[in-house]
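First up is the structure itself, then whatever we jot down about it.
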Amino acid sequence: MDKTPIFFDMVSALTLDCCGAQSIPICTTGNEKNRLTCVLGILADGTKLPLMVIFKGKRKPKGQYPPGLVLRMQKNGWMDENLMKDWLETIWLQQAENASPKKSLLVLDSFVGHLTPSVKDKCQEMNTVLSVIPGGLTSVLQPLDVSINKPFKDRLREKWRTWLLENISLLKRET
């Protein structure tokens, strides 16, 4: 399991214009700093766990959401100890109960919200062994960053570009 921030406005780091241009307009929705957190998980057999999305604030944003999506609100829009326990109860427990009565292994990064006594106790209750990847080794030992998070963000960015091109007349331009 890993968390990854998703910005509402995926402004490209690359621009292209004529040589010598004084400014290059960039299309934007005006939400460059607004973001949400996606909590992604995958089992050893390749089964994807249900997606948890964490929005910033107290009230759920209006709109329709895909079935199976676990939507949560948090003051800052990121994972914390309480949401970690919630993820264990709503997503991991379902997976663990479907797997077998044997112990399960859950691999996480060293985020402080994963390491609290209450989260460790919850894992123990659920017959789950918690394995934490030490900080500083994320590029070597974080398979989700390379195999799940990056492709997820790449596909999302492509869908964003397609949407942007189809709706360019509705957007404002910043220089």
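Throughout, read-outs are computed from the coordinates displayed, never taken from laboratory work. Given the structure is predicted, the values throughout are model-derived calculations rather than measurements. Glycine also receives a Cβ, built like all others from the backbone with ideal geometry; neighbour counts cover every protein chain displayed.
A few notes on this one:
- Neighbourhood charge, 9 Å Cβ-Cβ cut-off, centred on Asn127 and excluding it, Lys, Arg +1 and Asp, Glu -1: +1
- Annotation: aspartates and glutamates with alpha-carbon distance below 19 angstrom to Lys102 (same-chain offsets under eight excluded): Asp45, Glu89, Asp121, Glu125.
- Potential lengthening between Asn82 and Ser131 on full extension [0.36 nm per residue; Cα-Cα distance subtracted]: 15.7 nm
- Between Gln94 and Ser147, the modelled labels are 2.3 nm apart [label points 7 Å from Cα along Cα→Cβ].
- If R0 is taken as 30 Å, the Cβ-Cβ distance between Arg161 and Ala44 corresponds to a FRET efficiency of 0.35.
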